[in-house]
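A.B. asks: First the structure, which I've put down as C-alpha cells, then a few questions once you've had a look.
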Amino acid sequence: MQIEIDKDLCCGAGTCTLVAPDVFDQDDEDGTVILLDAAPGDEHRSAVEEAALRCPMAVITVG
Amino acid sequence: MTQSRESDHPLTTRPFPTARPSGCPFDPPAPFAEARQECPVSPLRYPDGHIGHLITGLRSARAVLGDTRFSSLPPGKRSPVKVPGSELSTDVLPPGMFVNMDPPEHTRYRRLLSKHFTIRRVRELRPRIQEMTDRLLDEMEGKGGPVDLVEAFAKPLPTLVTSELLGLPEENRAQFGHHVDVLFSLSSSGEEMQESMTLLGGMLHALIAAARKDQGPDILGRLTVETDLTDEELLGITFVLLIAGLETTTNMLGLGTYALLRHPEQLAALRADWSLMDGAVEELLRYLSVVQIGPIRVAAEDFEFEGRPIRKGEVVTVSLPAANRDPLGFDDPDAFDIRRGATRHLAFGSGPHQCMGHHLARLELSIGYESLLRRFPGLELAVPAEEIGLREMMVTYGVLGLPVRW
Ligand code: HEM
Ligand code: SF4
C-alpha cells in the first residue's frame, strides 16, 4: 500500500490522526498532516482507507 | 446577479422545514426525507423570496462543503429561516471571523490556530476536563434532584473549558457565562443581546490586553507571542471560538442525555460496557446532528453541480440532520444504535471549514456523558417527556431544559 497526501490543501483538523494514528500525525506547529509511514503494511489498510474516506479535504490517496 | 426562477425547476420548491415530527423529537423534520427522495439537491425558498438550493444527501453535502465554488463570504448569504440573532449579522466581515472567509485568507487563520486543537494538545486537557466535570457533578449531587441538567451541567461544562482555554480569570467566568447565555437564549430581546454583545466585547478586549501583557500559556497568550495577529483579529477569533464551541457542545450534552434516557436498552448496554462510549458519542453526533440550520454557502460562479445548474449568487443550505439520515450512507438511518460504528457522519461538517474543535468536542462529550451516568446510576427524567421543550427555531437544536432526578 502506497499513500500520498497533498499537505497544501490539508485543513489541519486531524481526522486522519484520530482514525489511523500509526500512519498519520499532526504537525505541532500548524496542525497539518504528517505522514509517518508512506508504505504501511496491510494490517493498516482498513484504517488508512477509512481515513482517506473521512478526510474532509480528500487529500489522502491510497494506491 | 442572476436569480433563478421557480419555473426553472421541475422539482418541488420548499421553504426550510423546522417542525420536528410529533412522535420523535430526535428525527429531522419530515420534508427533508421527501426532498432527498426527489433529489439530494433541491430548490429551497428563502424568507425573502430568493430561490436557492437545499442539500439533503450525504454525498452531495460532503461535495458542497468541499467545493470552494460554494463560498463562505457573507455578501448575499442569508439564513433559510429567521432565527433569533440572525438580524445581528451583517454583510461586513469583521477581522478574524474566519468562519465567514474563503481560502487562502481562511487558511492563514486555520494554520495559526490549529496547533491549539490538535489531538495531542486536546488529550493533555483530559485531567483538567475530568476535574471540572467532577466538580459540577459534586455540586449537582449536593443540591439533590430534581435539577435542570442544562443549567447545572450542559451549559457550565463547555463554558468552563472554553474559559480555561482562553485564559479567562476565575472571577470573571460567571459574568462571561451570563453574557454568552443572553446571546444564545431564545427569550433575549434584541436590546438585551446588543447589550451583552457590547459588554462581552469589552471583557474580551480586556482579556486580550491582559494576554499581551502576561503572555501566559493559554491560547490567547500564545497567539499574542507567536503570531502577528492584531487585537481586532484576536477579538474576531475569540468570538468564533465562543460561537462555534459553546452552544454546540452544550446542546449535545443536553439532548444527548435526553436521547439516552429515551432509549433505555441502549443506555443499559452502555452502562454494562463503558468501552462502547466512543461509538455512542459518534452515534449521538450523527443521530442528533445538533447544527440544524446550515452550513450555508453562496455560489461564487455559474456552474453545474451533480447535473443541476447553479448560478452565481444562489444560496445553498446544507441540512446536516438530513445528510446524516441518508439511507445511502447508513443502514436503517433512523434507528439509534450505539454499536453501528457511525463514523462517516457530517456532524462536524466537511471541507476547509470542518470543525476545528472536533477532538475537544469528542473529549468533552465522552467525559461528560460517562461521568454523569456513572455518578447517577438511577438518572431519570423528572417530568413527562411531553413537557421537555425543544429548540426548533434555533441554529443549534437541543432541549430548552432537562429536569432530572436520580
Ligand atoms: C459537539 C460539538 C460541536 C459540533 C456539533 C460542531 C460542529 C461544527 C460544524 C458543523 C462546523 C462547520 C461550519 C461550517 O462549515 O460553516 C464547525 C466549525 C467550527 N467549529 Fe465546531 N462543533 C462543535 C464543537 C466545537 C468546539 C468545542 C470548538 C472549539 C472551541 C469548535 C470550533 C469550531 C470552529 C473554530 C469552527 C470554524 C472552522 C472554520 O470555519 O474554519 N467546535 N463546527
Ligand atoms: S484528515 Fe485530511 S485534511 Fe484532516 S488533517 Fe488529515 S489529511 Fe489533513
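The values are calculated or read from the model by the stated rules, or taken from the named source; none is laboratory data. Worth saying up front: this structure is predicted, and the values here are computed from it rather than measured. Reconstructed Cβ throughout: ideal geometry from the backbone, glycine too, with neighbour counts over all protein chains shown. For the accessible areas, the whole protein counts, side chains as well, though only heavy atoms, and no ligand, DNA or RNA atoms are used. Shrake-Rupley method; radii C 1.70, N 1.55, O 1.52, S 1.80 Å.
A.B. asks: Using a simple spin-label model with points 7 Å from Cα along the Cα→Cβ vector, what separation in nm is obtained for B:ASP228 and B:ARG271?
C.D. replies: Using points 7 Å along Cα→Cβ, the separation is 5.9 nm.
A.B. asks: Within chain B, which complete DSSP H helices have Cα atoms spanning at least 30 Å along the helix axis and a mean Kyte-Doolittle hydropathy of -1.0 or higher?
C.D. replies: B:190-214, B:231-262
A.B. asks: In nm, to one decimal, how far is the B:GLU141 label point from the B:GLU34 one, both placed 7 Å along Cα→Cβ?
C.D. replies: A separation of 5.0 nm, rounded to one decimal place.
A.B. asks: As a test of the definition: with a 1.4 Å probe, what buried accessible area, both sides summed, do you compute for B against A, in Å² to the nearest 100?
C.D. replies: 1800
A.B. asks: Another question, then. Could you work out the helix-only [θ] at 222 nm for chain B, with each DSSP H run of four or more residues adding -39,500 (n - 2.57) and the total divided by the number of residues, to the nearest 500 deg cm²/dmol?
C.D. replies: -14000 deg cm²/dmol
A.B. asks: Using a 10 Å cut-off on Cβ to Cβ distances, tally the other chain neighbours for every residue of B:123-130 and report the average as a whole number. Kindly include the intermediate steps, with their values, before the conclusion.
C.D. replies: Details: counts 0, 0, 0, 0, 0, 0, 0, 0.
Average per residue, whole number: 0.
A.B. asks: Here's a follow-up. Quick check: residue separation of B:GLU151 and B:ARG120 times 0.36 nm, minus the Cα distance between them. What number comes out in nm?
C.D. replies: Going from the current span to full extension adds 8.1 nm.
A.B. asks: Using the charge dipole of the protein assembly as shown (Lys, Arg: +1 at Cβ; Asp, Glu: -1 at Cβ; taken about the Cα centre), state which of B:SER366, B:HIS263, B:PRO377 has its Cα farthest towards the positive end.
C.D. replies: The residue sitting most towards the positive pole is B:HIS263.
A.B. asks: Another one. Roughly how many Å is it from the Cα centre of the stretch B:62-78 to that of the stretch A:6-32, as a whole number?
C.D. replies: Taking the Cα centre of each part, the stretch B:62-78 and the stretch A:6-32 sit 24 Å apart.
A.B. asks: Roughly speaking, to the nearest percent, how much of the stretch A:3-62's 1.4 Å accessible area is carbon and sulfur? Provide the component values of the computation, followed by the final result.
C.D. replies: Numbers: 1320 of 2700 Å².
Roughly 49 percent, rounded to a whole number.
A.B. asks: Taking Cα atoms, how many degrees apart are the long axis of helix A:45-54 and the longest axis of chain A, rounded to 10 and kept between 0 and 90?
C.D. replies: Here the helix axis deviates by roughly 40 degrees.
A.B. asks: What's the magnitude of the charge dipole for the stretch A:3-62 around its Cα centre, counting Lys and Arg as +1 and Asp and Glu as -1 at the beta-carbon? Answer in Debye, nearest 20.
C.D. replies: 240
A.B. asks: Based on a Kirkwood Rh over C-alpha pairs, give the Stokes-Einstein translational diffusion coefficient of the protein assembly as shown at 37 °C and viscosity 0.692 mPa s in µm²/s.
C.D. replies: Answer, rounded: 142 µm²/s.
A.B. asks: How much area per residue is accessible in chain B when the probe is 1.4 Å and only protein heavy atoms are counted (Å²)?
C.D. replies: Numbers: 16850 Å² over 406 residues.
Ligands and nucleic acids excluded, the result is 42 Å² per residue.
A.B. asks: Report the Stokes-Einstein translational diffusion coefficient (µm² s⁻¹, integer) for the stretch A:3-62, Rh taken as the Kirkwood radius over Cα pairs, at 25 °C with viscosity 0.890 mPa s.
C.D. replies: 222
A.B. asks: Hey, another quick one. Lysine pairs in the protein assembly as shown with Cα distance under 24 Å, only those 8 or more apart or on different chains: how many are there? Spell out each step's value before the answer.
C.D. replies: Details: A:LYS7/B:LYS115; B:LYS77/B:LYS312; B:LYS82/B:LYS312; B:LYS115/B:LYS213; B:LYS143/B:LYS155.
Lysine pairs, 8 or more places apart or on different chains, close enough: 5.
A.B. asks: Counting only other chains, and only Cβ atoms inside 10 Å, what mean value do you get across the residues of B:58-65?
C.D. replies: The per-residue average across the peptide is 1.
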